[in-house]
Amino acid sequence: MGTVKRVSSRRRGASALTLLCAMAILAAPGLTTGTAYAAPAAPASPSAPAAPSAPAAPAPEPGAKTLEQVRKEIEDLYRQAGSATDAYNLAESETKAQSERIVEIAKLVVAGQDRISTLKDRAGAAARAQYRSGGLPPGARLALSDSPSDFLDGAGRLRQGEKATTDLLAELTRTQADLERYAKDAGALWQKMEDNRAKKEAAKKEIEDKIKTAEALENRLAAEEKARLIQLEQDAQYQAQTAWLSSGAMKDVKGLASEAGKRAVQFATAQIGKPYVWGAEGPASYDCSGLTSQAWLAAGRPIPRTSQEQLRLLPKVALKDMRPGDLIIYFDDATHVGMYVGDGAIVHAPRPGRNVTLAGAGSMPIKAVVRPDA
């Protein structure tokens, strides 16, 4: 698949969002009640600012992009990379399944060939027996019998022999037809694997191009601008989470985690601090759906690999019925996923250049909530 360029695992500063979410979860009596809602960096008093704000930036030169415009451009590039990552992961998953099926077909072909050899041996034995009897077919030998009892016994054996011959020929025909079908199925799977290989290569190029462009934009920023860029990201998350909470979205959310959900949450939160790498499924790094799929696998419930397939195949639940361990699918194209951990927070792998972290569940546009252990 080629060497994947890994993003730096260096932490980019402790965000107020992460600290508050972490304290809310650690202070809760387990990740089960959903009674306290994480809102990043809430003001300490009515006179305090509504959200942490970035240091004042110098006025941009005429025609130059503002730092906020750069942030949105970088965010959009990573969103596009995320969409391509989902396509890559789906093709990878399908290729793996097709490869496993081809191995199964190969075993069936070997078994079918062995069966045909056995059937041919039986047919040969019958032919040799007839040769030893002088070449007369059983019907002719029966007609020449002088004994009525021998005739009756022979008639019974003749019927049995004819049935055995008919059954042998029918089984031989079925086995040969099975081998032809296996060959056809294997050919179709090989073609799908080739198509998926082409899809993976196209998605890989798109991912690398988008990430490269986003990194180039960020690398052109001075150190102070990079720090303010992180602060702008946190501000945007804070505002989205605050608006979401203010809408009353969490008012009736009081679901308790299932035992499997607790294990999934425990696994996912144990990965906090590990870097996002597209296509990664751990243990050293993850992409967003790699984290959620591996967390539920650790909980004993295999689920689809990609966020789009998780949305398509897992049962949906209403937001008010959400409980820790459920997966929240984000954006209209379902290209991001996080795991709800309680108290209005998720754990997720955000994007290249960032690490697995806690975030507000409403810090991104929610498309749906799905439940792996419904």
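Values in this text are rule-based calculations from the coordinates and carry no lab data. Bear in mind that the values here come from a model prediction, so they are computed numbers and not experimental data. Here the Cβ positions follow ideal geometry from the backbone for every residue, glycine too, while neighbour counts run over all protein chains shown.
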Neighbourhood net charge (12 Å Cβ-Cβ; Lys/Arg +1, Asp/Glu -1) for Val317: +1
Sorted by Cβ neighbour density within 10 Å, fewest at the top, the residues Asp86, Asp195: Asp195, Asp86
Pull out the extension gain between Leu169 and Asn219, defined as 0.36 nm times the separation in residues minus the alpha carbon to alpha carbon distance; nm, one decimal. 10.7 nm
Packing-ranked peptide list from 203-215, 332-344, 169-181, 358-370, highest mean Cβ count within 10 angstrom first, is 332-344, 358-370, 203-215, 169-181
As a quick test, which of the pairs Lys107/Lys205; Lys65/Lys199; Lys96/Lys254; Lys96/Lys320; Lys254/Lys316 have an alpha carbon distance above 28 angstrom in this structure? Lys107/Lys205; Lys65/Lys199; Lys96/Lys254; Lys96/Lys320
Ranked list, fewest to most other Cβ atoms within 10 Å of each Cβ, for Ser293, Ser93, Ser247, Ser307: Ser247, Ser93, Ser293, Ser307
Test of understanding: what is the full-extension gain from Ile230 to Leu108, defined as 0.36 nm times their sequence separation minus their Cα-Cα distance? 38.3 nm
Ala177-Glu100 FRET efficiency (beta carbon distance; Förster radius 22 Å; 0.05 resolution): 0.40
For the range 194-232 and the range 340-374, compute the distance between their C-alpha centroids and round to whole Å. 21
Provide the gained length on full extension for the span Ala270 to Lys320, in nm with one decimal, where the gain is 0.36 nm per separating residue minus the Cα-Cα distance. 15.4 nm
